[in-house]
Amino acid sequence: MHMNLNNALSPEDLAQLFAQQRDKDESHILWVSESGEVRLDRLPAGMEEDEFEKCVPTMRVRLRTYRQGKGYVGKKAAADRDFIGRVHQTLTEHWRVARSNPGVHYLDRYC
């Protein structure tokens, strides 16, 4: 599923992205490419966040890592409207600044 912040990404769209992942599998990183594409990718076992970031040169925004087994991804997380709404608001607000500024913008707090 392709989601892009330049195309009016809705909280419902974001919830679908979260619902597609499994919290038990691995830790996950929510990030945005320089084109505005929103991704929620597994962090490979044994890989640190900064290493993942270096492997994705098109990354413009990255939220803190959602650790395995903590309930931040999956169907339960997707059903939490407050959580998804805060993630959506954070991405939307920070994308306005990050898309025109070089480098990776790391976000460790929600709006």
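The values are calculated or read from the model by the stated rules, or taken from the named source; none is laboratory data. All values reported here derive from a predicted model rather than from experimental measurement. Please note: Cβ atoms are built from the backbone with ideal geometry, for glycine as well, and neighbour counts cover all protein chains shown.
Here are the numbers:
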item	result
Qualifying positions in the range 1-37 - on the phi > 0 side of the Ramachandran plot and either out of contact with any Leu (no Cβ under 8 Å at 6 or more places or on another chain) or aromatic (Phe, Trp, Tyr) (or both)	ALA8
Unmet requirement for ARG60, which otherwise passes all of (1) within 12 Å of the chain's Cα centre (by Cα); (2) part of a helix (DSSP H, G or I)	(2)
Criterion violated by HIS2 - all others in (1) farther than 21 Å from ASP108 by Cβ; (2) within 14 Å of the chain's Cα centre (by Cα); (3) in a helix (DSSP H, G or I) satisfied	(3)
Some residue of the range 68-80 being assigned to a helix (DSSP H, G or I), in contact (Cβ under 8 Å) with a residue 60 or more places away in the chain and within 20 Å of MET3 (Cβ to Cβ)	yes
Among (1) in contact (Cβ under 8 Å) with a residue 40 or more places away in the chain; (2) surrounded by fewer than 13 Cβ atoms within 10 Å (Cβ to Cβ); (3) in contact with a strand residue (DSSP E or B) (Cβ under 7 Å, 6 or more places away or on another chain), the one test that THR58 misses	(1)
Residue in the range 73-111 that is nearest to SER33 (Cα to Cα), counting only those that are aromatic (Phe, Trp, Tyr) and at pLDDT below 95	TRP95
